[in-house]
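Shown next, in structure tokens, is the structure this report addresses.
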Amino acid sequence: MNKPISRNEAGREPGHEPVVLGAADFFARSRAKLGFDVPSGLYDPNIIPASGDPGTDKMLEIIAREQPVRPAAVLIAVVDHPEPTILLTQRAAHLNDHAGQIAFPGGKIDATDTSPLDAALREAEEEVGLSRDFVEPLGYLDLYGTAFGFRILPTVARVRPGFELTINHSEVDDAFEVPLSFLMNPANHQVHSKEFRGMERSYYAMPFAERYIWGATAGMLRVLYERIYSS
């Protein structure tokens, strides 16, 4: 279960010093701490994925009563530069859901996908043209529930540099990389809140340059930090 969200007056995570990991250490820790067992909560409608925020957890319970919480998969693609980066996308502005938001490559798990890993790799190929030949899967992160009725299983992967991307502009406007050291520094983990049906829920945000990384994407990055860096 994810740790409860806390914050100081500046809206940032209190009392944590950044842990700096080189590429080799990050990948070694990921291989040691992650695996490929698929959690039953990915498909079981009676299991509500925990978010670490009581308000969001209550909201997910309400949404699950109103509609199926749909299984999805994303790829947390960590590019093996001397200073590692994470590959992110900006969703197309014309989409009905999450238009213009920062996201990981990924989407709904199709019936033809052999596993959540297969779905994440397929979506990465379809959205940005990331070839599987460059991707070394390391394991699944924790199951993550979103406010829009998805239960997401992220796959953490090492990506070998040298790939070329082809953006599918029907789904994605842009793809870019953010330093892993920035995203895994708790000083950059802002906590904000908003109201949903009379309940306050908290969410993470990690603004980087002109990019505003927030919501489920920032939440999964926080889970990555907790699993690989702080545990």
With (1) within 30 Å of Arg65 (Cα to Cα); (2) open to solvent by 70 Å² or more (accessible area, probe 1.4 Å); (3) at pLDDT below 75 as the list, and Ile5 as the residue in question, which single condition is left unmet?
(2)
The one condition Phe163 fails out of (1) of a type outside the set (Ser, Thr, Tyr); (2) at pLDDT below 95; (3) assigned to a loop (DSSP other than H, G, I, E, B) is (2)
Assuming Phe148 fulfils every condition listed in (1) assigned to a loop (DSSP other than H, G, I, E, B); (2) open to solvent by 60 Å² or more (accessible area, probe 1.4 Å); (3) in contact with a helix residue (DSSP H, G or I) (Cβ under 7 Å, 6 or more places away or on another chain); (4) within 26 Å of Lys58 (Cβ to Cβ) apart from one, which condition is it?
(3)
Would it be correct to say that Gly55 is modelled with pLDDT of 75 or more, part of a helix (DSSP H, G or I) and either in contact with a helix residue (DSSP H, G or I) (Cβ under 7 Å, 6 or more places away or on another chain) or not aromatic (Phe, Trp, Tyr) (or both)?
no
From the set of residues in the stretch 186-203 that are charged (D, E, K, R) and either assigned to a strand (DSSP E or B) or open to solvent by less than 50 Å² (accessible area, probe 1.4 Å) (or both), which is modelled with the highest pLDDT?
Lys194
Which numbered condition trips up Glu127, out of (1) within 17 Å of Thr85 (Cα to Cα); (2) modelled with pLDDT of 95 or more?
(1)
Scan of the stretch 107-124 for residues that are outside any loop (DSSP other than H, G, I, E, B) and modelled with pLDDT of 95 or more, ordered by number:
Pro116, Leu117, Asp118, Ala119, Ala120, Leu121, Arg122, Glu123, Ala124
From the set of residues in the stretch 8-40 that are small (Gly, Ala, Ser) and either within 18 Å of the chain's Cα centre (by Cα) or at pLDDT below 65 (or both), which is nearest to Asp118 (Cα to Cα)?
Gly35
Residues in the stretch 61-72: is at least one open to solvent by less than 20 Å² (accessible area, probe 1.4 Å), more than 22 Å from Ile48 (Cα to Cα) and at pLDDT 80 or above?
no
Tell me whether the stretch 83-92 contains one or more residues that are in a helix (DSSP H, G or I) and modelled with pLDDT under 85.
no
Checked the stretch 158-193 for anything under 30 Å from Pro45 (Cα atoms) and in contact with a Gly (Cβ under 9 Å, 6 or more places away or on another chain); matches are Glu171, Val191, His192, Ser193
By residue number, the members of the stretch 105-122 that are in contact (Cβ under 8 Å) with a residue 24 or more places away in the chain and either of a type in the set (Gly, Ala, Ser) or open to solvent by less than 10 Å² (accessible area, probe 1.4 Å) (or both) are Pro105, Gly106, Gly107, Ser115, Pro116, Ala119, Ala120
It is to be established whether one or more residues within the stretch 175-185 are assigned to a strand (DSSP E or B), in contact with a helix residue (DSSP H, G or I) (Cβ under 6 Å, 6 or more places away or on another chain), within 17 Å of Ser30 (Cα to Cα) and open to solvent by less than 20 Å² (accessible area, probe 1.4 Å).
no
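The values are calculated or read from the model by the stated rules, or taken from the named source; none is laboratory data. Since the structure is predicted, the reported quantities are computational estimates derived from the model, not experimental observations. Here the Cβ is made from the backbone with ideal geometry for all residues, glycine too, and neighbour counts use every protein chain on show. Each accessible area value is taken on the protein alone, full model and side chains, heavy atoms only, with ligands, DNA and RNA left out. Shrake-Rupley method; radii C 1.70, N 1.55, O 1.52, S 1.80 Å.
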